[in-house]
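Engineer: Take a look at the following structure, please.
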Amino acid sequence: MYAHLKSISLATVLALALFGCGKEEPKPAPAPAPKAAAPAAPAEMLVKIGNVAPTTGPIAHLGKDNENGAKMAVDDVNAMKVMIDGKVLKLELVPEDDQADPKQGTIVAQKLVDAKVAAVVGHLNSGTTIPASKIYSDAGIPQISPSATNPKYTEQGFKTAFRVVANDIQQGGTVGQYIAKDMGAKTVAIIDDRTAYGQGVADEVEKAAKAAGAQVVAREFTTDKATDFKAILTKIKGKNPDAIFYGGMDATGGPMAKQAKDLGIGSKFVMADGGCSPEFIKLAGDAAEGFICSIPGAPVDKLAKGEDFKNRYKEKFGTDVQIYSPNAYDAVMVVVEAMKKANSADPAKFLPEIAKTSYDGVTGKITFDEKGDLNSGAITMYEAKGGKLEVVTTVGGK
Amino acid sequence: MDIFLQQIVNGVTLGSIYALVALGYTMVYGIIGLINFAHGEVVMIGALTAFSVIMGILGAGTGLPVGLGVAIGLIAAVAVCSVLAFGIEKVAYRPLRRASRLAPLITAIGMSIVLQNIAMMIWGRNYLRFPELFGTERYVVGGASITSLQIAIVLLAAGVMALLLVMVHKTRLGTAMRATAQNPEVAGLMGININTAISIAFVVGAALAAVAGLMVMTYYQVAYYHMGFILGLKAFTAAVLGGIGNLAGAMLGGLLLGVIEALGAGYIGDLTFGVLGSHYQDVFAFFVLITVLIFRPSGLLGERVGDRA
């Protein structure tokens, strides 16, 4: 009995001692630190933000574009000296390359979780964003994709999944209607690259075009790594459609448009955001003329901060904006705004603030619906004229 | 009908490229009975070398005409590939010439991986965009559209293959190669340097591969470090289809495979009522390979060197 009591009290004393130490220890540690540093500069808080995009492979130019957008935002935030919890926020961008490959996407997602990033901007492709979103959700890390448009991404019920771009139901619907009504196409051929993005947007375009009275005369498939489209295009040539819609990226779309012209196909070539880049025009050459494509959101250079963004981007990186660097920029800003409001860089604390975001970004006003989708559903249609993409019209939006 | 004709045009263009690459497989197989799986990578190295040289010349503002720049690029690619193939044979295959047949096959696969990685280190993982250097003229024949580039590819391939046939059948070198293929020991006794004959087979095959590499790059306007892998497998299939070891067989096999692929991708959707789509295009080559191996293992024209099968 006595022995028992003794051991219990001993344990209590030990536990108290340990607790006491544990409680006391963190206090003196941070206290002298600010004093030791120069009095003018408060302590810095280092926060890592992950950015995932394919920076190698066929669409490396788009991956680099997203990464540059995020990089620019991080540099801007660091220059602004944002105060959070009494410390200066210092962001560090952790860029990762998912090679546009779903398998690689989950590997780098896990890598970012292990590196304890506070938030992730990405991924670029829907095909990599969707499988990776579960990993971020399980780890409680907010994920904001600047460019994944497949509806499924935000339909999984993950509280951590957001996107600062309209989804394919909005985009595909607008493009499908545009083809059937504004372009007056009675027959349309649809091709997709069998990726989550390409297939998703092509399905929505097909639905909307049919609903608007156009007839889908051919549905063909390729892959995101293919280089030869002559066989499927030849088949489409036999159906002689008024328009061809391709759900895929510019790396395959450009050569496809060119091969279509080589085959003497006169149909209008249409793509969604994946092909709406200067790179497409470079790849398609003279076949780009008259090409129609869409980008979710209002045209960036018509927005207040858009022109300035484009100029600063060009100055900083020496290249033109491809598609989604403004969205990647805004994604970082949305995270920082949420951190400011929560006065914390802890994902658990600032995550609810992301859902409540109301931010005027480069791409326009950003607010999220309950799923994490962007509320504004504006889609802008572009046409290639004389080697440049020019705004035709902006549909929807507030 | 014009659709059918168009698919034939597509297929013949692709097929003549396959044929050039298939000749490399078939020559090496014919002379030492080895399937040189690194051959596809030689095509890739040829394309990337041509890319660097052509872009270097045209980008440096030397003012050389585009045609001359491409010609220099082609010569450089042929030179690099020839030296490469000579080196591969000497380092990876010659020491194993008396080993079991499996050993050189495995070094060939190893060589292929090594070359891909070397190319990845030199040129990176990105797809290199090859610009359209010559304006494309489009002609319409019987409802099918043919571009000047397609005509150039087919004519160049035909010319190179004709040269090869002349070399193999009309020159002393060709005679030496054929003799080595028939019986290396006796050929050696007759005073033929069989090592030289074998090296020549590798070098000539590599030169053809370099030409094919430039063609593929110009046709699809892109070059990257693993472009040779699938192309190599398809060309190998073409060689087997025609009868590996048989020069005419490789040419026929290449053309046939190109046409089968084009027609297959064009009509598979209709034939399977939409169950299989045109993205199964690449499957056709290997379907053909399996069918040939089951029903006619020696290929359409048969192996020339039967005792090596």
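The values are calculated or read from the model by the stated rules, or taken from the named source; none is laboratory data. For clarity, every value in this text was computed on a predicted model and none was experimentally measured. Positions of Cβ are backbone-derived with ideal geometry, glycine not excepted, and every protein chain shown enters the neighbour counts.
Engineer: Mind counting the residues in the range A:242-265 that are farther than 14 Å from residue A:202 by Cβ, part of a loop (DSSP other than H, G, I, E, B) and either basic (Lys, Arg) or away from chain B (no Cβ under 11 Å) (or both)?
Structural biologist: Final tally of qualifying residues: 1.
Engineer: If you scan the range A:278-301, which residues turn out to be buried (at least 23 other Cβ atoms within 10 Å of the Cβ) and away from chain B (no Cβ under 13 Å)?
Structural biologist: Passing the criteria: A:291, A:292, A:293, A:294, A:295, A:296, A:297.
Engineer: Quick one: which of A:323, A:232 is of a type in the set (A, V, I, L, M), in the same structural domain as residue A:52 (by TED's automatic domain parsing) and buried (at least 23 other Cβ atoms within 10 Å of the Cβ)?
Structural biologist: That would be A:323, the only listed residue that is of a type in the set (A, V, I, L, M), in the same structural domain as residue A:52 (by TED's automatic domain parsing) and buried (at least 23 other Cβ atoms within 10 Å of the Cβ).
Engineer: With the checklist (1) away from every other protein chain (no Cβ under 12 Å); (2) in a helix (DSSP H, G or I); (3) more than 23 Å from residue A:325 (Cα to Cα); (4) modelled with pLDDT under 95 in hand, flag the one item residue A:213 doesn't pass.
Structural biologist: Every listed condition holds for residue A:213 apart from (2).
Engineer: Among residues belonging to the range A:266-275 that are surrounded by fewer than 24 Cβ atoms within 10 Å (Cβ to Cβ) and among the small types (Gly, Ala, Ser), point out the one that is nearest to the other protein chains (Cβ to nearest Cβ). Quick ask: steps written out before the conclusion?
Structural biologist: Residues of the range A:266-275 that are surrounded by fewer than 24 Cβ atoms within 10 Å (Cβ to Cβ), as a first pass: A:266-268.
Of the ones still in play, those that are also among the small types (Gly, Ala, Ser) are A:266-267.
Values: A:266: 11, A:267: 14 Å.
Checking each candidate, the answer is A:266.
Engineer: Confirm whether residue A:202 is of a type in the set (A, V, I, L, M, F, W, C), buried (at least 22 other Cβ atoms within 10 Å of the Cβ) and within 17 Å of residue B:282 (Cβ to Cβ).
Structural biologist: Numbers: of a type in the set (A, V, I, L, M, F, W, C): yes; buried (at least 22 other Cβ atoms within 10 Å of the Cβ): yes; within 17 Å of residue B:282 (Cβ to Cβ): no.
It is false that residue A:202 is of a type in the set (A, V, I, L, M, F, W, C), buried (at least 22 other Cβ atoms within 10 Å of the Cβ) and within 17 Å of residue B:282 (Cβ to Cβ).
Engineer: Now a separate question. Would you please name the residue that is modelled with the highest pLDDT, looking only at residues in the range B:113-167 that are of a type in the set (Lys, Arg) and under 29 Å from residue B:226 (Cβ atoms)? Show your work before the answer.
Structural biologist: Start the filter on the range B:113-167 by keeping residues that are of a type in the set (Lys, Arg), which leaves B:125, B:129, B:138.
Applying the additional criterion that residues be under 29 Å from residue B:226 (Cβ atoms) yields B:125, B:129.
Working: B:125: 81, B:129: 87.
Among residues in the range B:113-167 that are of a type in the set (Lys, Arg) and under 29 Å from residue B:226 (Cβ atoms), the one modelled with the highest pLDDT is B:129.
Engineer: If the requirement is being surrounded by 14 or more Cβ atoms within 10 Å (Cβ to Cβ), under 16 Å from the mean Cα position of the chain (by Cα) and at pLDDT 95 or above, which of these qualifies: B:45, B:35? I'd like the intermediate steps shown before the answer.
Structural biologist: Numbers: B:35 fails: at pLDDT 95 or above.
Just one listed residue meets the conditions, B:45.
Engineer: Exactly one condition in (1) more than 23 Å from residue B:245 (Cβ to Cβ); (2) surrounded by 24 or more Cβ atoms within 10 Å (Cβ to Cβ); (3) at pLDDT 95 or above is false for residue B:51; which is it?
Structural biologist: Among (1) more than 23 Å from residue B:245 (Cβ to Cβ); (2) surrounded by 24 or more Cβ atoms within 10 Å (Cβ to Cβ); (3) at pLDDT 95 or above, the lone unmet condition for residue B:51 is (2).
Engineer: From (1) farther than 21 Å from residue A:296 by Cβ; (2) touching a residue at least 40 places away in the same chain (Cβ under 8 Å); (3) over 18 Å from the mean Cα position of the chain (by Cα), pick out the condition that doesn't hold for residue A:193.
Structural biologist: For residue A:193, the exception is condition (1).
Engineer: Might you let me know whether the range B:274-286 holds any residue that is buried (at least 20 other Cβ atoms within 10 Å of the Cβ), at pLDDT 85 or above and within 14 Å of chain A (Cβ to nearest Cβ)?
Structural biologist: No - not one qualifying residue is present in the range B:274-286.
Engineer: Being within 12 Å of chain A (Cβ to nearest Cβ) and under 18 Å from the mean Cα position of the chain (by Cα) is the requirement here; does residue B:150 meet it?
Structural biologist: It is true that residue B:150 is within 12 Å of chain A (Cβ to nearest Cβ) and under 18 Å from the mean Cα position of the chain (by Cα).
Engineer: A follow-up question, please. Among residues belonging to the range B:221-236 that are surrounded by fewer than 21 Cβ atoms within 10 Å (Cβ to Cβ) and in a helix (DSSP H, G or I), point out the one that is farthest from the other protein chains (Cβ to nearest Cβ).
Structural biologist: Among those that are surrounded by fewer than 21 Cβ atoms within 10 Å (Cβ to Cβ) and in a helix (DSSP H, G or I), it is B:233.
Engineer: Moving on to the next point. Of the residues that make up the range A:157-165, is at least one part of a helix (DSSP H, G or I) and not β-branched (Val, Ile, Thr)? Walk me through it before giving the result.
Structural biologist: Filtering the range A:157-165 down to residues part of a helix (DSSP H, G or I) leaves none.
No, every residue in the range A:157-165 fails to be part of a helix (DSSP H, G or I) and not β-branched (Val, Ile, Thr).
Engineer: Taking residue B:106 as the residue in question, decide whether it is within 14 Å of chain A (Cβ to nearest Cβ) and part of a helix (DSSP H, G or I).
Structural biologist: Criteria not met by residue B:106.
Engineer: Another one. Taking the criterion of being more than 30 Å from residue A:86 (Cα to Cα), without any contact (Cβ under 8 Å) to a residue 12 or more places away in the chain and either buried (at least 17 other Cβ atoms within 10 Å of the Cβ) or among the basic types (Lys, Arg) (or both), would at least one residue in the range A:358-376 satisfy it?
Structural biologist: no
Engineer: Within the range B:130-141, can one find any residue that is within 22 Å of residue B:20 (Cβ to Cβ), within 14 Å of chain A (Cβ to nearest Cβ) and part of a helix (DSSP H, G or I)?
Structural biologist: Going through the range B:130-141, the residues within 22 Å of residue B:20 (Cβ to Cβ) turn out to be B:130, B:132-134, B:136.
Adding the requirement that they be within 14 Å of chain A (Cβ to nearest Cβ) leaves B:130, B:132-134, B:136.
Next cut, part of a helix (DSSP H, G or I) only: none.
No; the residues of the range B:130-141 include none that is within 22 Å of residue B:20 (Cβ to Cβ), within 14 Å of chain A (Cβ to nearest Cβ) and part of a helix (DSSP H, G or I).
Engineer: Is it true that some residue in the range A:101-112 is within 14 Å of chain B (Cβ to nearest Cβ) and surrounded by fewer than 20 Cβ atoms within 10 Å (Cβ to Cβ)?
Structural biologist: yes
Engineer: I would also like to ask the following. Among the candidates A:64, A:81, A:71, single out the residue that is among the charged types (D, E, K, R), more than 14 Å from every other protein chain (Cβ to nearest Cβ) and crowded, with 17+ Cβ neighbours inside 10 Å.
Structural biologist: Answer to the check: A:71.
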